[in-house]
């Protein structure tokens, strides 16, 4: 079996041999042209862009923001022994006034600019919550009581222990990395200016996005040089020659430059997932050139005439099938990510497969051309070391052949045991969990969640005549339902404001904190609000002509699975209780996290199944046997089950990054099995009995397989320095799973092959 | 020679003043004339307010206003009664306002909601500087004392073919809502053609333009006021349908009894 027609291969390699300078020049020129575009790449740290744009949820979120204004806000939280102390209140007032004057800020919510309503003889009174800063304990006690009675303030702007208060800045501009940059700088300067003795924390979506961008830049600065140096180090150790190290290095760099250039040309944005692309190429893309170079060195030493051209020809001819196969399965693995629903995963699959394919192409064009022009130097691994390795592999193979039944039974039991961890896998899509618990951004957001009722919201749209008490009662019922959900801390809707007006109008008496009975009363209370309240407060809960309203449910839960359940329960409740006419959309950031859960699971399943099917199909075609296809995925399946079982038991979450794991691992991991089967068949067809053929395979291809896997593993370990937890765990799991694939290929395959002696190998030809 | 120089300088000064046509009038004088021109004892008007938000959606309200000036009799400056006529769900809703000459004294406000059939007194500062969701502050609508600002005549400028005085008014009180206002005034009629409002940080916040200026009962009145609020991307249009000046207006109109009745006659 060979790929491509023999004479075609000849013409192409002949061309490379004849015009090596043209091949090299063209490769470099093309790379430079592609690389020219790289500066055009923009960083995208928006969490929403993790989701496909045509996803219903994105459409509805955009629609809600269009109607009720965006949720672009920055929250500054102040901590003090008593926030109502004179000094602290003065500080809060000064801070609020300074923020109010910022051009990027639309309005500010702070205890120093809130108002209170109280009953008086024959009516009610609207005054500033803090007209005069309290100077003694008695005055502070009065203020505390007023705050405790106002549920729009208590536990919302002021923490229930009176030690924290938040100053919320609603930004007038939204989105855009420039705004994030400005907001980040301004609010951190403010924090520095106002800190001490009060503690200040800053949080909010613009701050989170900027932090993600900063971490991405830091990651790239750390991972890329670290990965490259590790690779060079590894290459020099193994080849002990500059040529041997230099050529694979150049191939990897060219592949990375071209891939990033393509990214820019396609207008794709660099998300935190994209950090994986260069690292993956460093780990994977050097394999093919290493194979070519090491085989070339071997042949060169073995040959008598030292005819470079002839040796290169022989090398390429011998290696084209296994190298091409290893490359094609890896490309297939990455392309399987196209079945993923999440755009970053699809993007990564496309770009990485391009990078790998290009590295493959360069390994059979650029590398032979360069080899022809360069001197042949090199000291290969010492024979002594190589022989020790062979002796070890010999014993290794004999052991697994001898105890094959026992070993395979142990494997089976192990797989069944660890598989029981799979149902325990937790899905996590909350972007806050990109960070370690101790990181500044997590700490700040946890404070908001703990003291101010949460920063994440579920948003429900109501449609109809909003002034109609029937519609309002439905909204009230839905709010009551939501508030008894354990994850929901509070709800905010037009209902609250109307009740508040009813209460105010009736001498601020609590028994009137209910909805009025007529549409006229509602309309007149809304008019009253325009006299005594701040009308801007209403714009986030009702639209201008009272046809659409928004219910906001604040949530202080961060578990994606809980949010997924809240989302589904709410949708179910809305459907059964009211029908979708009144509440056509249940959306918001909670819904994004909730829906991502399903998408991550679905994407994982689809890409896993697709890559397994495609990879086994390639093996079926290659060996012209169904059994071969099935055999080739046995070590993979063991590795997959082990990895998912481990995730379940160790609590590593399935998230946007780790959901891509299986496809990548299948594409890379199957190489070892293919190399093994290919060599094994060769040995059997050369007339060796099964056991001897296994040993021969181990000490020839086995060495290459081990070396290959180790270089991939080492390449991926650099991910362990990433500042993003999903990337960190992805690194850990891919190292673990490639190791499992390697061990599987070197233990399960020998034992299985000797046991079942498959026909496609042992057939008499 | 020396005399000639003085003569030249003098001539130029005269010419400049003649050019401006204001050798004898100051910014304060102009504002004084505006005040006097519109000075009435009573005013009744029916108008329509159209509020337009940033998405072009509108809210319409029609109301009738009765205003009577008391010139400090009993400490009272003015009394105002506002009754809403449209839309139907707020018809009959009324607001009664008493303002006092003593600046330290809060206005008294009573509200009547027909759906509740109750009058309530609303005490305290209005939290919202803007009048009922419009882009007019209570200050913009009410009579501001002439010496609350320092007025400077900036010159003359032609707007829509009408040559206007251009006056800059800077509030005496540094804590005022605005840092300055620039007003274009039509000479002889002494009405505003255009007003620019600058916020505390000196940024142009709102622009008021007037049109359909007609003489009613001997008083020049713009029948259409259009306020464009840039800081809130919001607009307010007020169209006056009917207006009467200095008609006889009983003090009884400005009582809770009338407020509760929802109409004056």
Report, to the nearest 10°, how far helix A:287-302 tilts away from the longest principal axis of the Cα atoms in chain A, using its own Cα long axis and a range of 0 to 90°.
-> 20 degrees
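Under the rule a/c < 1.5 gives rounded, and otherwise a/b versus b/c splits prolate from oblate, where does the stretch A:692-765 land using the Cα gyration tensor? Intermediate values should be presented prior to the final figure.
Values: a/c = 4.18, a/b = 2.68, b/c = 1.56.
Because a/c hits 1.5 or more and a/b exceeds b/c, the stretch A:692-765 counts as prolate.
Full-extension gain between residue A:265 and residue A:547, please, as 0.36 nm times their residue separation minus the C-alpha to C-alpha distance.
Working: separation 282, 0.36 × 282 = 101.52 nm, distance 4.43 nm.
Extra length available between residue A:265 and residue A:547 comes to 97.1 nm.
In peptide A:120-126, what is the residue-averaged number of other protein chain Cβ atoms found within 10 Å of each Cβ? Please list the in-between numbers first.
Working: counts 5, 2, 7, 9, 6, 6, 8.
That average works out to 6.
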If the convex hull of the alpha-carbon atoms of the protein assembly as shown is projected onto planes in all directions, what is the mean projected area in square nanometres?
-> 59.1 nm²
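Quote the FRET efficiency, to the nearest 0.05, computed for residue B:250 versus residue A:518 with a Förster distance R0 of 41 Å and r equal to the Cβ-Cβ distance. Don't jump to the answer; show the numbers that get you there.
Values: r = 33 Å, r/R0 = 0.79.
Approximately 0.80, to the nearest 0.05.
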Note down the relative contact order for chain A as a percent, whole number, built from C-alpha pairs under 8 angstrom at least six residues apart.
-> 18 percent
When the Debye formula is applied to the Cα atoms of the stretch A:1-127, each taken as the same point scatterer, what base-10 log of I(q)/I(0) results at q = 0.09 Å⁻¹?
-> -0.66
Angle in degrees between helix A:343-364 and the longest Cα principal axis of chain A, rounded to the nearest 10 = 20 degrees
Only helices counted: for chain B, with every DSSP H run of 4 or more residues adding -39500 (n - 2.57) and the sum spread over all residues, [θ] at 222 nm is -4500 deg cm²/dmol
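Quick check of the Kirkwood formula: for the stretch A:160-228, what is the inverse mean of 1/r over all pairs of different Cα atoms, in Å? If you can, show how the numbers build up before the last one.
Details: mean 1/r = 0.0704 Å⁻¹.
Roughly 14.2 Å, rounded to one decimal.
Let me have the 222 nm mean residue ellipticity of chain A computed from DSSP H runs of 4+ only, each contributing -39500 (n - 2.57), with the sum over all residues rounded to the nearest 500. Could you put the intermediate results ahead of the total?
On the way: 29 runs with 485 residues, N = 765.
When only DSSP H runs of four or more count, the value is -21000 deg cm²/dmol.
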Tell me, what is the percent relative contact order of the stretch B:124-234, built from C-alpha pairs under 8 Å that lie six or more residues apart?
-> 15 percent
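How high is the relative contact order of chain B, in percent, with contacts defined as C-alpha pairs under 8 Å that are six or more residues apart?
Values: 530 pairs, mean separation 50.8, N = 265.
Reported relative contact order: 19 percent.
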By the gyration tensor of its Cα atoms, with a ≥ b ≥ c the square roots of the eigenvalues, what is the shape of the stretch A:105-144: rounded for a/c under 1.5, prolate for a/b over b/c, or oblate?
-> oblate
Given the peptides A:410-419, A:12-21, A:344-353, arrange them by the average over their residues of other C-beta atoms within 10 Å, most packed first.
-> A:344-353, A:12-21, A:410-419
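Give the average, rounded to an integer, of partner chain Cβ atoms located within 10 angstrom of each Cβ in B:108-117. Display every interim value, and only then the final one.
Numbers: counts 0, 4, 2, 8, 1, 10, 3, 10, 10, 0.
The per-residue average across the peptide is 5.
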Determine the shielding of peptide A:534-542 by partner chains: average, over its residues, the number of Cβ atoms on other chains within 10 angstrom of each Cβ.
-> 2
Would you please put A:686-694, B:227-235 in order of how densely packed they are, using the mean number of other Cβ atoms within 10 angstrom per residue and starting with the highest?
-> B:227-235, A:686-694
antiparallel share of DSSP beta bridges within the protein assembly as shown, to nearest 5, in %, is 95 percent
Taking only Cα atoms of the stretch B:27-261, the Rg to Rh ratio with Kirkwood Rh works out at 0.95
Nearest 10 degrees, 0 to 90: helix A:703-717 Cα axis against chain A principal axis = 20 degrees
Compare the peptides A:716-725, B:73-82 by average per-residue count of other Cβ atoms within 10 angstrom and give them in order, highest first.
-> A:716-725, B:73-82
Tell me, how many Å apart are the Cα centres for the stretch A:545-559 and for the stretch A:394-436?
-> 44 Å
State the Cα centre-to-centre distance between the stretch A:21-59 and the stretch A:679-710 in whole Å.
-> 41 Å
Between the alpha-carbon centers of the stretch A:643-666 and the stretch A:191-219, tell me the distance in whole angstrom.
-> 30 Å
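Bear in mind that the values in this text are calculations on the coordinates, not laboratory data. Being a predicted model, the structure only gives us computed values, none of them experimental. Here the Cβ is made from the backbone with ideal geometry for all residues, glycine too, and neighbour counts use every protein chain on show.
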